[in-house]
Amino acid sequence: MFFFNVELIFKIHLLLFHIYCIDNATASANCRQKEYNTEEGCCPTCPPGMYVSRHCTEFRSTSCASCTEGTFQDGNNGREQCFSCKHCDAGLGLKEKKSCSSTSDAVCEVLDGFFCSDSNGGGCRAAQIHTVCSPGHYIGQRGTADKDTECLHCTDGTFSDGTSTSCQNHTKCESVGLKLMKPGTDSTDSLCGEHVPERGHVAGIIPVILGMALIIIAIILRKKKSETPPLKSTDGPEPTRDQQEYHTGASGYVMEG
């Protein structure tokens, strides 16, 4: 009998709890505009830029306090604290478009070179840097604040280093009087060079050149020799034989008669 009474009392408490929840829900649903529900019933909300510092009672109205710096409330509310203002982080590619106030959150926009990957209410929550086109591709559409850069692949016979808005045709070496040294790729131009005679031809030309050089040198030497005048004595005309004999006698030798 005792256990039966305990069970009955538990069921009664559970029923009363359900009735209490239903009454509270009904009271909440019956709160008028610019009111919010509390354990005491419906209380007047606080205006934008303020939060609830003390709920209303049967004897007093709701007490409100202003949002502190760096926080905001953008509408009538029954919250006990304000929302934290958004921070536009330059490290994430964002900058401040509109500053935070007590009644509105900050609005962010993207930095140059970024595009918004998550937008909301005229602002941006997250940004990404524009894609840099790799060699072999060209810029089909430059990136904007809302869209990423569009990179397209070069077709055969053209090339790009990834920084231009179109691909260039490979140089045709033969058309400019040069020889193709290395074919172009999608990221590099053709490599051209001067035409060089083959090694066998060079070997055959060298003896001919040397022979011609020797002939020219021989002709020059012969010409110089033929143009050179005979050497003349610087001491006057050669002495006669009588003068030679007289000169010898004067030197102390006995001259024969």
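The values are calculated or read from the model by the stated rules, or taken from the named source; none is laboratory data. Note that this is a predicted model, so its numbers are computed, not measured. We place every Cβ from the backbone using ideal geometry, glycine too, and count neighbours over all the protein chains shown. Side chains are part of the model used for accessible areas, which takes the heavy atoms of the whole protein and leaves out ligands, DNA and RNA. Shrake-Rupley method; radii C 1.70, N 1.55, O 1.52, S 1.80 Å.
Scanning the range 48-74 for residues that are within 30 Å of residue 128 (Cα to Cα) and assigned to a strand (DSSP E or B) turns up 71, 72. Quick check on the range 116-132. Is at least one of its residues among the polar types (S, T, N, Q) and closer than 21 Å to residue 191 by Cβ? There is no residue in the range 116-132 that is among the polar types (S, T, N, Q) and closer than 21 Å to residue 191 by Cβ.
Taken over the range 28-74, residues that are among the polar types (S, T, N, Q), open to solvent by less than 60 Å² (accessible area, probe 1.4 Å) and modelled with pLDDT of 95 or more amount to 5. Residues of the range 109-130 that are open to solvent by 70 Å² or more (accessible area, probe 1.4 Å) and under 26 Å from residue 161 (Cβ atoms): 112, 128, 129. Between 234, 248, the distinction of being out of contact with any Phe, Trp or Tyr (no Cβ under 6 Å at 6 or more places or on another chain) and either modelled with pLDDT of 80 or more or not in a helix (DSSP H, G or I) (or both) belongs to 234 only.
If you go through the range 130-187 and keep only what is part of a strand (DSSP E or B) and either of a type in the set (Asp, Glu) or closer than 30 Å to residue 97 by Cβ (or both), you end up with 139, 140, 141, 150, 151. Of all residues in the range 185-220, those being closer than 30 Å to residue 171 by Cα and at pLDDT 75 or above number 11. Filtering the range 131-155 to residues that are under 9 Å from residue 165 (Cα atoms), touching a residue at least 12 places away in the same chain (Cβ under 8 Å) and exposed (fewer than 14 other Cβ atoms within 10 Å of the Cβ) leaves 140, 142.
None of 182, 223 is under 60 Å from the mean Cα position of the chain (by Cα), modelled with pLDDT of 60 or more and open to solvent by 100 Å² or more (accessible area, probe 1.4 Å) except 182. Here the range 75-108 is the region considered, the condition is being in contact (Cβ under 8 Å) with a residue 40 or more places away in the chain, in contact with a Ser or Thr (Cβ under 9 Å, 6 or more places away or on another chain) and assigned to a loop (DSSP other than H, G, I, E, B), and the residue that is surrounded by the fewest Cβ atoms within 10 Å (Cβ to Cβ) is 76.
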